[in-house]
Amino acid sequence: MHLLMSVEAHHLRLFPSQLIANGEAVGGVHQDQSAIYNMQLGFAAPTAGPLAAASTSESSLTFNNLPAGSRKRPREFSEHALSFLGEDFSALVQQQMLHVDCLVLHHVEKVRMESVERLKRFLRRVLATVEEGVSKRLRAKEEEMERLKNLNWALEERIRGLCVENQMWRELARSNEAATHALRANLDRALAAAAEAEAKAEAAVDDAESCCCGGVDNAEAERKRVACRLCGEKQPAVLLLPCRHLCVCVACGPAVAVCPVCNCDKSGSILINMS
């Protein structure tokens, strides 16, 4: 409504100036009728208002400091004003109104295009900001994924190394177990052979003692046969190497340097659990 009222006021300002220009052109030809022309132009200035106000409702606009009621003129007077000196100005007025409408439409279109362009620039800035933020987050996620991938690869390599090491330890345990079984079998055979040899030696010694002494108690001989050859009290539990004689107890084993049975130098000893 305000835009239409301003356009109507613009029409009211354009129409009297056009009439004044036409009046001055006609006045150059008819100099003797200048007073009449000026009088008619003076009346024509306020009569342009009803033409513009005919298509709208009553408003509070004023023209040339005149109230709204002074702009109402009879239809005959307005028709007389538009036909000045036999010339019809309605086409010119309509042309001026169309020109003003075109100017208004052009200005509105220009404002609309500028608004659209500003909106596009704003949206481009917003999209650029959003795209930059998203790209930063994507780069951070890609870097984190790369770091996790490297860590996963290192952990997989560590697991493969541990699996190989575990397999090696398993093979070593199996080989040690086989060696242990072999050593146990050899030890059992050695103990059996040593016990057999010791029994034979003791039997020979007993036979010799019985032949020489004749009155030795058999119980005492049996106790001495199964006792330690050094202290004669505890049960033998240490196997001497390399002769493999089981002839000394645990307490006497570290102190003995030669075998009490065969006088062979001791190179090592093995503790036998007799329980």
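Remarks
- Any hit, region 195-206, residues being over 30 Å from Ile270 (Cβ atoms), outside the structural domain of Pro236 (by TED's automatic domain parsing) and assigned to a helix (DSSP H, G or I): no
- Subset of region 252-272 that is loosely packed, with under 12 Cβ neighbours inside 10 Å and among the hydrophobic types (A, V, I, L, M, F, W, C) - its residue that is farthest from the chain's Cα centre (by Cα): Ala257
- When region 173-205 is filtered for residues that are surrounded by 11 or more Cβ atoms within 10 Å (Cβ to Cβ) and of a type in the set (D, E, K, R), the ones remaining, listed by number, are Arg189, Glu198, Glu202.
- Residues located in region 211-243, provided they are at pLDDT 80 or above and surrounded by 14 or more Cβ atoms within 10 Å (Cβ to Cβ): Ala227, Cys228, Arg229, Leu230, Lys234, Pro236, Ala237, Val238, Leu239, Leu240, Leu241, Cys243
The values are calculated or read from the model by the stated rules, or taken from the named source; none is laboratory data. Worth saying up front: this structure is predicted, and the values here are computed from it rather than measured. Reconstructed Cβ throughout: ideal geometry from the backbone, glycine too, with neighbour counts over all protein chains shown.
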